[in-house]
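> Here's a structure for you.
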Amino acid sequence: MNQLNFTFDEKLSSRLDKILAKHLKPLTRSQIKMLCSSILVNGKIAKMSTKLKNGDRVLFVYKDLEIPTNEGQAIPLDVIYEDEDVIVIDKRQGMVVHPSSTTPKGTLVNALNYYRLKSSPIKDEFSSVISQNAPLPASMNDLLRLGIVHRLDKDTSGVIVTARNIKTQEFLKNEFKKHLVKKTYIAILEGVPKDREKVIKTSIFRNKNGKFIASSNLKKGRLAVSKYKVLKIYRGFSLVKFRIFTGRTHQIRVHAKYICHPVLGDAIYGKPLKDFSLALHSYKIELDIAENKHKIFKAKLPLRFKKAFLACKKEYGRK
């Protein structure tokens, strides 16, 4: 455990979490909250929202923070495709894309870096960056996100495209930024949407509890556009294809909640289920991976989807 002991000496009062963030840079307030063991102000238990006054004595006890690393780790990868420009992965559910203070290792980046150095028949530019600490351009000087041009949630499986050189990384980032990439997901939803096919156009923003929510008021947050089509119907569930035209955090999950049919097994926007994990899968990505080099990558539906289908048939039967 670590301790931070100080006296607040500013004239204007301020929230405790803001002051802690100043003392514990570069940690964010959410990271500080996660690491917190106990807080005392003037010897009494306090909260992150406590307002400090001049002269208040603070004792903050917090857990050790493991430093994120891009070190290669021998973690199995399902490689769909690779060439001199990209490595395309079918990411398994539960894998975080890149290291951070909350997941310092065991990520896709750690697995990719091991694969680059030890397993791939193609030695790419980033292999030398990892092994020899070669310099990177200032615009992408983040070794914890080396090759990452888009992300999937931890519990979302499926296709993810990664770059293996600086030129391709910059090219792909621009393709995603300009919304030139066609992304298709498959999900199992609770219930059956009234409209079998529809475009959902909303804003998405965080509420006071930190969750993302959708609103028909497009001035309230960031624009999010999705299109869905119901593929199969079960009594109580539906198999749905989503195409997303924007890349907002949790976009499909939030939009599924917005139409009152959350993704099956979504513990944040739906209801946690004992027998089902999040039924959301990045099924297909269509994009240019270089000038005049168009590709389509697919990842077959994972076993958890097939188990869900069998459970639906067994309990409810086909409609």
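The values are calculated or read from the model by the stated rules, or taken from the named source; none is laboratory data. The shown structure was predicted, so the numbers you read here are calculated from the model rather than taken from an experiment. Note: ideal-geometry Cβ built from the backbone for every residue, glycine included; neighbour counts use all protein chains shown. Note: accessible area is taken over every heavy atom of the protein model, side chains too, but ligands, DNA and RNA are not part of it. Shrake-Rupley method; radii C 1.70, N 1.55, O 1.52, S 1.80 Å.
> Restrict the check to region 108-117 and report whether at least one residue is closer than 26 Å to V181 by Cβ, in a strand (DSSP E or B), touching a residue at least 24 places away in the same chain (Cβ under 8 Å) and of a type in the set (D, E, K, R).
Scanning region 108-117, I find no residue that is closer than 26 Å to V181 by Cβ, in a strand (DSSP E or B), touching a residue at least 24 places away in the same chain (Cβ under 8 Å) and of a type in the set (D, E, K, R), so the answer is no.
> Restricting to region 75-124, name every residue that is open to solvent by less than 10 Å² (accessible area, probe 1.4 Å) and under 14 Å from the mean Cα position of the chain (by Cα).
Residues satisfying the conditions are K91, M95, V97, P99, T107, L108, V109.
> Those residues that are out of contact with any helix residue (DSSP H, G or I) (no Cβ under 9 Å at 6 or more places or on another chain) and either open to solvent by 60 Å² or more (accessible area, probe 1.4 Å) or within 27 Å of S100 (Cβ to Cβ) (or both), I need them from region 32-42; list them, please.
Answer for region 32-42, where residues must be out of contact with any helix residue (DSSP H, G or I) (no Cβ under 9 Å at 6 or more places or on another chain) and either open to solvent by 60 Å² or more (accessible area, probe 1.4 Å) or within 27 Å of S100 (Cβ to Cβ) (or both): M34, L35, S37, S38, N42.
> Do you know which of the residues in region 38-74 that are of a type in the set (G, A, S) and more than 26 Å from the chain's Cα centre (by Cα) is nearest to D17 (Cα to Cα)?
Checked region 38-74; the qualifying residue nearest to D17 (Cα to Cα) is S49.
> How many of the residues making up region 208-225 are open to solvent by less than 70 Å² (accessible area, probe 1.4 Å) and either of a type outside the set (A, V, I, L, M) or touching a Leu at 6+ places or on another chain (Cβ under 7 Å) (or both)?
4
> List the strands (runs of 3 or more DSSP E) that sit entirely inside region 42-102 and contain at least 1 residues that are among the charged types (D, E, K, R) and under 28 Å from F276 (Cβ atoms).
Counting at least 1 such residues, we get 86-91.
> Take the residues in region 6-31 that are of a type in the set (S, T, N, Q) and outside any loop (DSSP other than H, G, I, E, B); name whichever of them is farthest from T102 (Cα to Cα). Walk me through it before giving the result.
Taking region 6-31 first, the residues of a type in the set (S, T, N, Q) are 7, 13-14, 28, 30-31.
From what is left, the residues that are outside any loop (DSSP other than H, G, I, E, B) are 7, 14, 30-31.
On the way: T7: 29, S14: 27, S30: 10, Q31: 8 Å.
It comes out as T7.
> On to the next question. Taking region 150-202, which residues are β-branched (V, I, T) and over 17 Å from V225 (Cα atoms)? Quick ask: steps written out before the conclusion?
Narrowing region 150-202 to residues β-branched (V, I, T): 156, 159-162, 166, 168, 181, 184, 186, 188, 192, 199-200, 202.
Listed by number, the residues that qualify are T156, V159, I160, V161, T162, I166, T168, I188, V192.
> So, one more: Which condition number does K167 fail, the rest of (1) over 27 Å from L264 (Cα atoms); (2) surrounded by fewer than 18 Cβ atoms within 10 Å (Cβ to Cβ); (3) within 21 Å of the chain's Cα centre (by Cα) being met?
That leaves (3) as the condition not met.
> Can you tell me how many residues within region 195-207 are open to solvent by 50 Å² or more (accessible area, probe 1.4 Å) and modelled with pLDDT of 95 or more?
Within region 195-207, residues that are open to solvent by 50 Å² or more (accessible area, probe 1.4 Å) and modelled with pLDDT of 95 or more number 6.
> Something else: For residues that are basic (K, R), modelled with pLDDT under 95 and surrounded by fewer than 20 Cβ atoms within 10 Å (Cβ to Cβ), scanning just region 226-270, find the one that is nearest to T202 (Cα to Cα).
Initially, region 226-270 is screened for residues basic (K, R), giving 227, 229, 232, 235, 241, 243, 248, 253, 257.
From what is left, the residues that are modelled with pLDDT under 95 are 232, 235, 248.
Still in the list and also surrounded by fewer than 20 Cβ atoms within 10 Å (Cβ to Cβ): 232, 235.
Numbers: K232: 25, R235: 28 Å.
Top of the filtered list is K232.
> Being of a type in the set (A, V, I, L, M, F, W, C), modelled with pLDDT of 90 or more, surrounded by 19 or more Cβ atoms within 10 Å (Cβ to Cβ) and over 19 Å from V230 (Cα atoms) is true for just one of L287, L303, L278. Which residue is that?
Working: L303 fails: surrounded by 19 or more Cβ atoms within 10 Å (Cβ to Cβ); L278 fails: over 19 Å from V230 (Cα atoms).
Result of the check over L287, L303, L278: L287.
> While we're looking at this one, here's another question. When region 32-41 is examined, which residues are found to be part of a helix (DSSP H, G or I) and free of Cβ contacts under 8 Å to residues at least 24 places away in the same chain?
K33
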